[in-house]
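Novice: The structure is given below, and queries will be raised subsequently.
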Amino acid sequence: MPRPIWRGVLSFGMVAIPVRLYLATESTSKVSFHLLCPEHKSRIKNKRWCQEGDHEVAWNDVVRAYEYEKGSYVELDDEDLERLPLRSSKAIDISGFIERSDLAEELYIQSAYYLEPEKAAAKPYALLKKTLDKTGRLAIAKFALRDRERLVSIGAHDGALVLNTLHWPDEIRSTEELDIDNPSVSPAELKVAESLVNMMATKFEPEEYRDEYKKALREVVEAKVEKREVIEAPEPEAETTVVDLMAALKASVEKAKKAEQAGARAKRGGHESLVQRKTTTREKRRKAS
């Protein structure tokens with residue numbers, strides 16, 4: 001595990017838990033592109049340029065500053081930020097516990113972090129983790145990390161406490177900005193759609209999913225290097241119109257049924273079940289005798 005990015009106290013009620021904060025995720029699928037000069041096909045460099053002195057500034061020499069009025073700045077270093085008169089910069093104070101269903105995670109969640117207890121705080125950490133796990137609730141708190149105060153949720157996952165930074169409510173746009181109609185759906189259409197959803201119901205197994213973007217990009221790169229034709233992705237199916245919606249749903253159900261039957265046969269070892277093979281063998285023997 002790398003070095004923690006923050007150390008402080010996680011507290012709920014009168015219980016204080018010294019913790020360390022670690023990034024819970026890392027980007028392994030990001031594809032990096034280089035910027036080239038269109039004439040010389042050479043790499044373009046981004047320079048930090050001082051307009052006043054007309055010279056380049058090394059990254060280590062750059063200072064952080066806040067513009068308190070137009071053209072006037074005050075410099076701030078890491079020590080200044082650590083001395084912020086804000087309790088949330090040194091402590092994560094849990095303000096309450098909510099039902100998981102109360103948080104629209106698909107909108108609010110930003111990043112994930114692991115919370116690790118200091119050795120002396122193993123028991124209160126385990127108590128909070130097991131309590132969250134048993135009640136199915138999330139803790140809500142405020143937490144100052146780097147250059148801003150954040151709203152966060154804390155939940156139990158896979159034997160650890162996971163902290164998720166959340167968007168503030170005023171950062172989330174209203175759906176009223178979208179042009180969405182609400183046409184009526186017939187009971188028959190809903191019933192067939194529910195049947196399709198139930199047939200396609202599955203458990204989320206993350207290891208079954210792979211990021212194919214890098215592989216596809218590599219194929220395009222190799223094709224261009226070798227000056228051969230690039231095999232493009234197939235065009236998506238045409239959109240379903242209102243008239244053939246029921247037909248599309250029924251066809252989808254039939255397709256799901258066939259896939260389900262094929263999967264069942266594969267699990268049995270082939271197109272025929274063991275019972276069917278035994279029956280066929282007995283019939284052949286009887287005819288031969």
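Novice: Beta carbons within 10 angstrom, averaged per residue: use that to sort the peptides 223-229, 155-161, highest first. If you can, show how the numbers build up before the last one.
Specialist: Values: 223-229: 8.7, 155-161: 15.0.
So the peptides 223-229, 155-161, ranked by packing, come out 155-161, 223-229.
Novice: So which of 203/250; 45/215; 47/70; 30/215; 90/130 end up more than 18 Å apart, counting from Cα to Cα?
Specialist: Working: 203/250 24 Å; 45/215 28 Å; 47/70 24 Å; 30/215 12 Å; 90/130 24 Å.
From the list (203/250; 45/215; 47/70; 30/215; 90/130), the Cα-Cα distance tops 18 Å for 203/250; 45/215; 47/70; 90/130.
Novice: Separate question: Say the dipole of the range 41-132 comes from +1 at the beta carbon of Lys and Arg and -1 at that of Asp and Glu; which of 121, 44, 60 then lies farthest toward its positive end?
Specialist: 121
Novice: Extent of the range 133-236 along each principal axis, from alpha carbon coordinates, in Å, largest to smallest?
Specialist: For the range 133-236, the Cα spread along each principal axis is 56, 50, 36 Å.
Novice: Quick one: length gained pulling residue 44 to residue 230 fully straight, 0.36 nm per residue minus the C-alpha distance?
Specialist: Working: separation 186, 0.36 × 186 = 66.96 nm, distance 2.76 nm.
Length difference between fully extended and current span is 64.2 nm.
Novice: Efficiency by 1/(1 + (r/R0)^6): what FRET value for residue 149 and residue 28, r their Cβ-Cβ distance, R0 = 25 Å, to the nearest 0.05? Don't skip to the answer; put the middle values down first.
Specialist: On the way: r = 30 Å, r/R0 = 1.19.
Working from the Cβ atoms, E equals 0.25.
Novice: Report the residues of the range 107-143 in range of a label on residue 177: point 7 Å along Cα→C-beta, backbone N strictly under 16 Å from it.
Specialist: 107-108
Novice: Using a 10 Å cut-off on Cβ atoms, rank the peptides 183-196, 47-60, 7-20 from the highest mean neighbour count down. Don't skip to the answer; put the middle values down first.
Specialist: On the way: 183-196: 11.6, 47-60: 8.4, 7-20: 16.3.
Result, highest mean first: 7-20, 183-196, 47-60.
Novice: Just subtract the alpha-carbon distance of residue 184 and residue 261 from 0.36 nm times their residue separation and send over the number in nm, one decimal.
Specialist: Numbers: separation 77, 0.36 × 77 = 27.72 nm, distance 3.35 nm.
Going from the current span to full extension adds 24.4 nm.
Read the figures in this text as sums done on the coordinates, not as results from a lab. A quick note: this is a predicted structure, and the numbers were derived from the prediction, not measured. When we count neighbours, we look across all protein chains shown, and the Cβ atoms used for this are built from the backbone with ideal geometry, even at glycine.
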